[in-house]
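Laboratory data are not the source of any read-out in this text; all were calculated from the coordinates shown. Predicted model only: the values in this text are computed from it and were never measured. Glycine gets a Cβ as well: all are built from the backbone with ideal geometry, and neighbour counts include every protein chain shown.
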Amino acid sequence: MTGLETRQAAGFTTVDRAGVLVVTVDRPPANALSRPVIRDLAILFAELGEMREAPPVVLTGQGERFFCAGGDIRELEGAAQEELDARMREFHALLVAMDRYPRPVIGAINGHCVGGGMEIALFADTVLAVQGARFGFPEINHGLLPADKGIQRATRLLGARAARNLLLSGELFDVERALEIGLVDVLADPAELVDAAVASARLAGAKAPVLYGALKRSLNDPDDARDETSLQRTLASAADYFDDPVARGLRDSWNGSRSRGGKG
């Protein structure tokens with residue numbers, strides 16, 4: 001992408017709202033992240049970040065039930081270890097690109113925001129959510145793990161005790177709890193969610209870009225060596241659980257229950 005054109009990509013759309021780019025994940029029924037979506041979102045944020053006048057971004061999901069259900073676990077069926085490694089590298093690259101994006105990123109959480117979706121939300125500067133939104137890191141119950149960079153972000157933003165509880169339990173929680181722990185900043189009406197997020201992005205985008213970007217760098221403290229260590233941790237953990245019989249059984253069970261429930 002070289003500008004703020006409106007476009008339909010494989011699994012997400014981008015729309016220019018008078019200088020605010022609204023990115024909508026659109027993979028029904030649950031807006032799960034396929035490898036192409038992960039890769040293209042990482043490229044999008046990296047390329048936008050290189051623009052002389054990078055735009056404020058609003059990130060949301062299509063529909064009323066799901067912001068993002070995380071990674072598309074069906075892609076792991078029959079996959080080789082190399083494919084899992086590539087997927088984890090691409091998701092890590094997305095989180096790094098969001099972490100280093102110099103302009104406002106506003107999360108507009110329109111429904112369930114779990115797993116990789118919650119990791120993405122943690123890299124937004126401000127998060128708005130609707131009353132019915134649900135959050136959590138259910139990976140431990142489904143034979144998977146979050147990316148290490150997402151784990152570290154959760155610990156920094158939510159606090160060590162809250163992050164530990166959420167990650168080790170795998171339990172989902174409601175928007176009131178999300179407000180309580182600082183994951184969500186504003187409760188929004190569903191009909192007004194995206195408009196409110198665009199207004200928030202525009203307000204933040206009116207700040208001097210050089211100052212806003214400098215503050216984000218200080219707050220996020222990006223570091224190449226630390227990011228590489230985080231990636232290697234993610235890959236090592238994935239190698240451990242990929243062929244583990246218990247973890248594989250959890251993934252198979254989860255895939256089966258989703259298929260029986262008609263969720264693909």
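One table, with the values for the structure above:
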read-out	value
Mean Cβ neighbour count within 10 Å, used as a protection proxy, ranking 63-69, 215-221, 187-193 highest first	63-69, 187-193, 215-221
Convex hull (Cα only) mean projected area of the range 136-213, reported in nm² to one decimal	6.8 nm²
In nm, spacing of pseudo-spin labels at Ser253 and Ala199 (7 Å Cα→C-beta vector)	4.6 nm
Lys, Arg +1 and Asp, Glu -1 on Cβ, resulting dipole of the chain about Cα centre, debye, nearest 20	260 debye
Rounded, prolate or oblate (a/c below 1.5 giving rounded, otherwise prolate when a/b exceeds b/c) for the range 13-108 by Cα gyration tensor	oblate
D (Stokes-Einstein, µm²/s), Kirkwood Cα radius, the range 199-253, 1.567 mPa s at 4 °C	87 µm²/s
Distant-in-sequence amide H partners of Gly70 (H built 1.01 Å from N, under 5 Å)	Leu33, Val114, Gly116, Gly117
Percentage, to the nearest whole number, of Cα pairs in the chain over 27 Å apart	33 percent
Options Ala225, Phe173, Tyr241, ranked by Cα towards positive dipole end of the range 171-248, top entry (Cβ charges)	Ala225
FRET E, pair Leu179, Ala80, Förster distance 41 Å, beta-carbon r, rounded to 0.05	0.45
Nearest-20 debye value, the range 164-264 charge dipole, Cβ charges on Lys, Arg, Asp, Glu	180 debye
Contact order relative to length of the chain, as percent, for alpha carbon pairs under 8 angstrom and 6 or more apart	19 percent
Three-way shape label, the range 86-199, alpha-carbon gyration tensor, a/c 1.5	oblate
FRET efficiency, Asp221 to Leu187 (Cβ-Cβ, R0 25 Å, nearest 0.05)	0.30
